[in-house]
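Inspection log for the structure reproduced underneath, given as structure tokens.
The values are calculated or read from the model by the stated rules, or taken from the named source; none is laboratory data. Computed from a predicted structure; not experimentally measured. Note that each Cβ is placed from the backbone with ideal geometry, even for glycine, and that neighbours are counted across all protein chains shown. Ligands, DNA and RNA are excluded from the accessible area calculation, which covers all protein heavy atoms including side chains. Shrake-Rupley method; radii C 1.70, N 1.55, O 1.52, S 1.80 Å.
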Amino acid sequence: VMLSDGQRFTQAMLASQNNHFAIDGYLTKNCIIKATRFSRSKVQDKTIIIILAMDVVKQEKERLGMPQSILDEGPTFAQPATPTSTKTSTINKISAGAATKSFTKASGLKGEPTITPINQLSPYRNQWTVKARITKKSDVRKWSNERGSGYLFNCTMTDETGSIKATAFMEQCDRLLKEIEEGKVYYISKGKILPAKKIYNTTGCDYEITFNESTNVELCNDDSNMPGGFSYTVLANLGDLSKDDTCNAIGVVRSRWRTWNNHEENSAPHAHIIIVDHSGFSCKVTLWGKVAEDFDVKDQPVIALRHVKVGDYHGRDLNFQGDSSMTLNPDLKEAHFLRGWYDANGLTYKFQPCQGASGSGESGLVNHSQLMTLEEVKSKNIGIKTTSYFTVKLRVKATPRIKEENRHMPISYPACRSEDCVKGLSYDDSDRKWHCAKCSGCFDAPEYRYLMRISLGDHMGSAWFNIYDNVGKLLFEKKAEVLEQMKVWLGIS
Ligand SMILES: [Zn+2]
């Protein structure tokens, strides 16, 4: 933990008998504690306070003051007379409470190097180790200017106090590219700290790091308390997000389309993939430009998508944009879970498309470049001999109105509730139940499914269309049962 009295902060550790404060959730960020017994200990030339007994006084939302590191200019308060040995401790009474600034680790009195919070990094500090999660990592990028050319990758490191961008050029790029993985937590030490070039830097940090030959990167396996872990939106919940929101998603790549160049001029090449997850939903993801061209995967990998943009094309879809990133088969527990789930269930599972317009996500795409008018469909005899697909853009001209004169016009039909059987049920007065002739199912009530004729038209003409349940739900934004209920209330049935 970080302890602060509002003026200075310093690193401290909880003796394990105090772990319950953390486990039970009382020890929250910025809370005020009373350290009733503590000692000091030297760990790798740094003094660390070990809290032996404490109480949580108050939970606070805001940080107390603007504390600076105690290492910067020495302490501003009188040091209590405490022994330096870790084996003995003195009971110290302090009147002022101290605020824990950030909570990094609840147990373990040794093993971790002294950690510098990211918001304390500056060009004036040359000994530092941060414990940070790589929340973003770029591909290798080439650069060239009047002074030469080369290549680099950069990444964003995040801890509880903030984020900082780091860049590895040339040899360091070669050395660290494989070593640093997005999403993982590392101890990272040494490197050149420079003022941030704000145009290219969105971390909000005043500084950025250039990795150099002395930069050391060590994987940290205890990342449980680090922020920036992969939190993601389950595909079933994409509908809760608004258009243009960004989110993370993880899914199994179930299918993809070949990249193509749209016929329209200046249109970037794009490709689509369908991802599915354990919520039983599938979602289209659109990739653009080079990402789309380079996307070539086999064996239905798990894909983790960060910072993708939500679209509302036929429900919900996702768009890979400039600052999105993806990882194939990432080493995340969510990914391992999904892999296991998909291999056991996914191949035969009937996924429901987030976009919802058609029965399957794969065929739900509308190709705008092949829009036809109703006249063209009729004059070309499309669909007369064989089933064929075409795309039209039409306005709803008429739907059945729920009124007495239309009582014979169906809106829906009473369907069988058995899985994969949507046969119409017939009501039997003798047992007052609904019976299915196809699967012999017998139900107290049917599931009403849309079945109606509506008139759709464009500027050239109109036609009647049969509407089934999937389209009916989209059109009326409610289940057919709700409309049937309406009929009952109105006395029409
Ligand atoms: Zn049935």
Search result, residues across region 193-205 that are surrounded by 16 or more Cβ atoms within 10 Å (Cβ to Cβ) and either over 21 Å from the mean Cα position of the chain (by Cα) or closer than 16 Å to Thr327 by Cβ (or both): Ile193, Ala196, Asn201, Cys205
Residue within region 172-182 that is closer than 26 Å to His278 by Cβ and either modelled with pLDDT of 90 or more or touching a Cys at 6+ places or on another chain (Cβ under 9 Å) (or both) present: yes
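Here's the yes/no breakdown for (1) free of Cβ contacts under 8 Å to residues at least 24 places away in the same chain; (2) touching a Ser or Thr at 6+ places or on another chain (Cβ under 8 Å):
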position: Phe153; (1), (2): no, yes
position: Thr156; (1), (2): no, yes
position: Leu177; (1), (2): no, no
position: Pro195; (1), (2): no, no
position: Ile199; (1), (2): yes, no
Can you confirm whether Ala236 is touching a Gly at 6+ places or on another chain (Cβ under 6 Å), open to solvent by 30 Å² or more (accessible area, probe 1.4 Å) and modelled with pLDDT under 90? no
Subset of region 402-422 (residues that are exposed (fewer than 15 other Cβ atoms within 10 Å of the Cβ) and within 10 Å of the ligand (Cβ to nearest atom)): Glu419, Asp420, Cys421
Among the residues listed as Ala292, Ala344, the single one being open to solvent by less than 10 Å² (accessible area, probe 1.4 Å), modelled with pLDDT under 85 and out of contact with any helix residue (DSSP H, G or I) (no Cβ under 8 Å at 6 or more places or on another chain): Ala292
Within region 431-450, identify whether any single residue is more than 29 Å from Lys350 (Cα to Cα), in contact with a Pro (Cβ under 9 Å, 6 or more places away or on another chain) and assigned by TED's automatic domain parsing to the domain that holds Leu475, and answer yes or no. no
Exclusive hit being in a loop (DSSP other than H, G, I, E, B) and within 16 Å of the ligand (Cβ to nearest atom), set Ser426, Ser440: Ser440
